[in-house]
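The values are calculated or read from the model by the stated rules, or taken from the named source; none is laboratory data. None of the values given here were measured: they were computed from a predicted structure. Ideal geometry is used to build each Cβ from the backbone, glycine not excepted, and the neighbour counts take in all protein chains shown.
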Amino acid sequence: MSTILTVNHLTKNFGYLTAVKDLSFTIEKGNVYGILGPNGSGKSTTLGIILNVVNRTSGEFSWFDGNTSTHEALKKVGAIIERPNFYPYMTAIQNLKLVCKIKEVSEGKIQEKLELVGLWERRNSKFKTYSLGMKQRLAIASALLNDPEILILDEPTNGLETQGILHIREIIKILAKKVITILLASHLLDEVEKVCSHVVILRKGEKLYSGPVDQMLASYGFFELRTEDMQKLKSLLQKHLSFGNIKQENGTLIAYLTEEMNAETLNRFLFDEGMVLSHLVKRRESLEEQFLTLTKNN
Amino acid sequence: MVRLLQIEFIKLWNNRASKILILSYFVLLTSIALVAAIKFDIGPVKFHLADQGIFNFPYIWHFNTFITAIFKLFLAIVIVSMMANEYSNKTIKQNLIDGLSKKEFILSKFLTVVSFSLVSTLFVFVVSLLLGLIYSDYNEISIIFSDLEFLLAFFVKLVGFFSFCLFLGIFVKRSAFALGFLILWSILEQVVFGLLGWKVISWDAAKIVKDFFPLQSMTNLIKEPFTRLSAVQNIGEQIGEKMNFDYHVYWYEFLIVSFWTALFVYLSYALLKKRDL
């Protein structure tokens with residue numbers, strides 16, 4: 001697998017404020033990455049740095065094999081940041097032709113990309129007449145003009161109405177199927193959960209986690225249990241080595257696992273101990289719960 | 001280089017306001033020919049401007065470059081706004097993300113400025129040549145093509161002035177404020193000159209210092225041509241005023257303006273490089 005982007009100990013200070021702190025991660029070809037974090041956690045700043053519009057305070061980053069200059073590398077990248085920025089007085093076609101000139105690619109792909117995002121009918125309308133959703137879709141078309149090796153999307157659905165959000169997500173899914181590498185920054189968990197295979201979680205500029213989405217927490221899940229004698233159940237589980245944290249909530253005992261164990265094993269174990277359960281559910285935390293645990297504990 | 005110019009051309013030519021201003025500018029440049037039509041015919045007083053020798057070679061080179069340089073304000077608006085609009089539309093950010101380097105960005109703007117100046121110079125050359133061929137009293141080749149340094153001065157002056165506008169556009173980021181700043185600056189040069197001469201050093205020394213100011217140095221390249229006219233000279237002699245001005249273009253004047261041009265372009269680049277967008 002080839003590396004597309006390497007970020008090493010990146011730091012950015014705005015005056016006294018540290019927006020990004022000692023951040024390192026790598027992006028491999030073919031995966032869909034998410035950068036997840038609440039507003040102001042340094043997502044956009046990080047993207048700004050690797051996209052050559054924000055100056056880094058310290059640290060390194062390199063595109064591809066590390067031998068190309070950033071602006072040359074960016075010609076092989078498609079990126080959309082925050083708001084779509086185009087010349088308001090120019091039509092979609094004129095704007096895209098300009099992008100082709102900058103990226104040094106032929107203008108032959110304009111029609112294909114405009115059709116992909118459903119804007120071909122409006123190709124001769126001026127950019128300023130577009131709705132926000134259309135502007136965002138034009139930005140995606142523009143980012144795809146060079147058939148990029150990696151597509152970078154920063155909050156692509158921010159400020160859009162439901163219809164627009166769905167439309168954008170559909171486009172992203174089509175692209176993800178084509179095995180394009182995607183880097184998606186978002187504060188919306190379900191957005192990242194639905195599309196991404198890997199995730200980098202940021203909080204106040206610091207990396208909390210980076211790796212595959214399903215290994216985000218080394219979590220083995222937890223059991224929800226109910227029985228007649230809750231006290232006995234609790235003391236039994238406390239003695240059992242496979243359980244860590246145990247708490248009682250609304251008459252239900254919640255026991256977190258510290259190693260892999262399936263529901264059958266537990267059920268048999270409790271039955272052998274003379275306990276009959278009236279309720280047994282094994283669950284994993286949703287990404288949302290994991291995310292909250294991650295950002296809270298630190 | 002061609003690519004950078006094409007990029008800038010697409011941006012400018014699709015903007016209606018810029019297109020109108022650029023076209024009006026070149027129409028105005030051509031309209032200098034209309035001066036030839038100025039005629040007063042009041043009874044015994046017959047005055048035809050074209051007969052006063054303003055279209056004589058080589059004086060016409062001086063006269064036309066001086067007059068047409070006034071129209072550069074039209075292009076100044078275009079240049080300031082082409083720079084400032086990149087900030088207000090945030091398209092500068094998009095350009096950089098799309099793979100234009102900061103150096104290329106400044107270069108594309110500077111090349112546009114140089115092209116504008118080059119085309120203007122060519123325009124003035126052709127219009128003046130035609131006017132001269134029609135009205136000039138002297139038509140020897142050696143006379144026609146003497147004093148051509150005024151055209152070079154015209155070119156250098158425009159490049160210098162437009163580079164200043166470019167820098168102001170980047171520095172201020174808003175076209176209206178940048179133009180205001182330009183006017184403020186021209187006043188400031190006079191005020192500093194006044195203060196220097198009045199309080200700090202002698203008037204002669206202040207004049208020398210003033211010649212190093214950016215706008216003044218550009219003005220110095222082409223001095224006013226009116227006192228060279230025979231009609232004006234005659235009046236001067238009648239009222240007993242001896243007019244003996246120096247109209248020549250000097251190499252050190254080129255040097256000063258070139259220095260400012262380089263500085264403005266470099267500062268624009270440095271500013272863009274330092275700023276977070």
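Points to keep in mind about this one:
- Filtered residues of region A:94-147 (kept if closer than 19 Å to A:I174 by Cα and more than 26 Å from the chain's Cα centre (by Cα)): A:K109, A:I110, A:Q111, A:E112, A:E115, A:L119, A:W120
- Test for A:K101: is it at the interface with chain B (Cβ under 9 Å from one of its Cβ atoms), out of contact with any Lys or Arg (no Cβ under 7 Å at 6 or more places or on another chain), modelled with pLDDT of 90 or more and more than 20 Å from B:K273 (Cβ to Cβ): no
- Residue check for A:S106: away from chain B (no Cβ under 11 Å) and free of Cβ contacts under 8 Å to residues at least 12 places away in the same chain: yes
- In region A:247-270, residue farthest from A:E228 (Cα to Cα) [restricted to those that are of a type in the set (S, T, Y) and surrounded by 13 or more Cβ atoms within 10 Å (Cβ to Cβ)]: A:T258
- Residues satisfying the stated conditions in region A:189-220, i.e. in a loop (DSSP other than H, G, I, E, B) and at pLDDT 80 or above: A:C196, A:S197, A:K204, A:G205
- Within region A:119-128, not a single residue is among the small types (G, A, S), out of contact with any His (no Cβ under 6 Å at 6 or more places or on another chain) and under 26 Å from A:I49 (Cα atoms).
- Tally of residues being in a strand (DSSP E or B), over 19 Å from A:E273 (Cα atoms) and not basic (K, R) across region A:225-251: 4
- The test for being closer than 19 Å to B:L215 by Cβ, among the β-branched types (V, I, T) and in contact with a helix residue (DSSP H, G or I) (Cβ under 8 Å, 6 or more places away or on another chain) does not hold for B:V114.
- Considering region A:40-93, the residues that are outside any loop (DSSP other than H, G, I, E, B) and out of contact with any strand residue (DSSP E or B) (no Cβ under 9 Å at 6 or more places or on another chain) include one that is nearest to the other protein chains (Cβ to nearest Cβ), namely A:H71.
- Residue in region B:117-130 that is part of a helix (DSSP H, G or I) and either over 20 Å from the mean Cα position of the chain (by Cα) or within 14 Å of chain A (Cβ to nearest Cβ) (or both) present: yes
- Any chance B:K93 is within 14 Å of another protein chain (Cβ to nearest Cβ), of a type in the set (D, E, K, R) and part of a helix (DSSP H, G or I): yes
- Single unsatisfied condition, B:K207 versus (1) modelled with pLDDT of 90 or more; (2) part of a helix (DSSP H, G or I): (1)
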